[in-house]
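Shown next, in structure tokens, is the structure this report addresses.
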């Protein structure tokens, strides 16, 4: 009986140690990933075809402007600072696009730390978690969301069948460690990488990881 009790205690301690190690790894690694990217999040007024089309037009306008501003940016912190300095310009451009397309919706643009689900961009996947993002809400913001990575620039139109350009992946690779980049690159044949990604996804989806203040 005493031996059984000891075995149970040791098993519990081993489980606790393994859980703490997994949490520590996920927290550290996820933080490194979320601190490497600035995302764009656009919320449409509704799910009608007209509102969804408008959402994409606003997205295209803001992406073009962001790319022109940040073409020489070398870090996420620099990209956030540039976007912050031009936040009113983003709002003005979005509002103009809405008006030019015959709508009268209000628009709100802000930079903050927001929750994102796991999302794939071609052959790049980002685990669930809280990421810094430029968030754009159109009208009642009750329609389907659209998101991508503004810095490094990974935004492209067809996220279902598209493949991230090699140049964009190189830019992303420069902002994170080799292991972190391997984790977000699709590699179904590597079970170790897949398992680690699942850890990041689990802890990120439960709100354990947020980006550091810039």
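The values are calculated or read from the model by the stated rules, or taken from the named source; none is laboratory data. Everything numeric here is computed off the predicted structure, so don't read it as measured data. Because the Cβ atoms are built from the backbone with ideal geometry, glycine has one as well, and the counts that use them run over all protein chains shown.
Between 47, 89, the distinction of being loosely packed, with under 15 Cβ neighbours inside 10 Å and outside any helix (DSSP H, G or I) belongs to 47 only. Do we find that residue 134 is surrounded by 18 or more Cβ atoms within 10 Å (Cβ to Cβ), within 21 Å of residue 36 (Cα to Cα) and modelled with pLDDT of 90 or more in this structure? When the stated conditions are applied, residue 134 passes them. For region 104-115, a residue qualifies if it is surrounded by 17 or more Cβ atoms within 10 Å (Cβ to Cβ) and part of a loop (DSSP other than H, G, I, E, B), and exactly one does: 105. All conditions but one from (1) in a loop (DSSP other than H, G, I, E, B); (2) within 12 Å of residue 63 (Cα to Cα); (3) modelled with pLDDT of 80 or more apply to residue 150; the one that does not is (1). If you go through region 61-76 and keep only what is more than 16 Å from residue 89 (Cβ to Cβ) and assigned to a helix (DSSP H, G or I), you end up with just 76.
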